[in-house]
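Let me begin by presenting the structure, written as structure tokens, before commenting on it.
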Amino acid sequence: TVNAVSIIEIPKITDEEGRGNLSVIEKDCVPFDIKRVYYLYDVPSDAYRGGHAHKALFQFLIPLSGSFDVILKDGNNTRKVSLNKPNKGLLIVPGIWRELENFSSGAVCLVLASDVYDEEDYVRNYNEFQLLKS
Ligand code: T46
């Protein structure tokens with residue numbers, strides 16, 4: 001369910017001499033082995049990304065820069081999460097419909113994924129998603 005989607009705080013090291021922050025993701029930060037990394041950038045503010053679910057893929061979304069909203073649906077409930085802190089990522093478990101929107105200017109969404117790209121793992125039709133959920 002959408003309640004299984006969670007925010008994970010990424011450790012942040014604030015420099016004591018004012019040199020800014022450093023955040024680090026090591027293997028135990030996310031509950032899967034990272035097999036792929038990709039990122040969304042130069043997204044127009046009126047663009048909409050996602051609009052699908054994954055059958056088995058776990059993903060961890062990090063707003064490296066700027067902000068955007070993630071709409072999550074499990075067939076019964078909808079939840080909206082705004083991501084805007086580079087040290088707070090969103091863990092999306094399999095079986096959740098996701099839509100990304102409202103990208104700020106210069107926003108960058110880094111995604112860590114539990115597997116390589118496989119179009120067979122996508123459910124891109126919302127009616128089909130609802131059927132699978134019922
Ligand atoms: C997701 C959201 C957050 C590849 O060839 N390799 C890849 O690893 C990916 C992710 C995509 N592609 C191709 C497939 C399409 O022809 O790139 C094109 C755009 O992909 P898509 O329309 O799926 O992009 P988004 O931003 O709607 O969705 C992506 C991920 O696909 C998806 O898993 O959860 O970002």
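Computed from the coordinates by the stated procedures, all read-outs in this text should not be read as laboratory data. The model shown is predicted, which means the values in this text are computed figures rather than measured ones. Cβ: placed from backbone, ideal geometry, glycine included. Neighbour counts: every protein chain shown.
Odds and ends about this structure:
- Matching strands (runs of 3 or more DSSP E) fully within the stretch 19-62 where at least 2 residues are surrounded by 12 or more Cβ atoms within 10 Å (Cβ to Cβ): 36-40, 49-54
- Matching residues in the stretch 55-82 - criterion: being within 12 Å of the ligand (Cβ to nearest atom) and over 12 Å from the mean Cα position of the chain (by Cα): Lys55, Ala56
- Close pairs (6 angstrom Cβ cut-off, 6 or more residues apart or separate chains): closer than 20 Å to Arg124 by Cβ and in contact (Cβ under 8 Å) with a residue 60 or more places away in the chain in the stretch 43-69, among the charged types (D, E, K, R) and in a strand (DSSP E or B) anywhere: Gly51/Glu99
- Sole exception among (1) closer than 19 Å to Arg36 by Cα; (2) free of Cβ contacts under 8 Å to residues at least 12 places away in the same chain for Leu110, by number: (2)
- Any chance Ile8 is aliphatic (A, V, I, L, M), out of contact with any Asp or Glu (no Cβ under 8 Å at 6 or more places or on another chain), over 17 Å from Val108 (Cα atoms) and not in a strand (DSSP E or B): no
- For the stretch 92-110, the criterion of being surrounded by fewer than 14 Cβ atoms within 10 Å (Cβ to Cβ) and within 10 Å of the ligand (Cβ to nearest atom) is met by none of the residues.
- Qualifying residue in the stretch 122-133 (condition: in contact (Cβ under 8 Å) with a residue 24 or more places away in the chain, buried (at least 18 other Cβ atoms within 10 Å of the Cβ) and part of a loop (DSSP other than H, G, I, E, B)): no
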